[in-house]
Amino acid sequence: MADLVKELISGVVDSVLKEILKKTTGRATTKRKKRKTRSASTTAAARKPASTARKTTATRKPARKQVSKRRTAAGRSRQRRS
């Protein structure tokens, strides 16, 4: 009787360990999307007359310097899930 109980318990423990240690399925790597390049005919500068296109490019402010943003623990966790 003790042997039967021992065998039953070891079987349950083995199955639980296998379930815990099994790799989770369905977790894919993050999906990176490529930027779509627009053709020259669809850009805003191409649609405007030549005189106004030159004015906007000359008076444009320079791009802002990018500042690195520290990721929070919640943000990292969210990134891992997706």
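Rounded to 0.05, the FRET efficiency of the D14 and K34 pair, given R0 = 41 Å and the Cβ-Cβ distance, is 0.35. Ordering R81, R71 from the fewest to the most neighbouring beta carbons within 10 Å gives R81, R71.
Here, each number is a calculation from the coordinates, and none is a lab measurement. Please read all numbers here as calculations on a predicted model, not as lab measurements. Neighbour counts run over all protein chains shown; Cβ positions are idealised from the backbone, glycine included.
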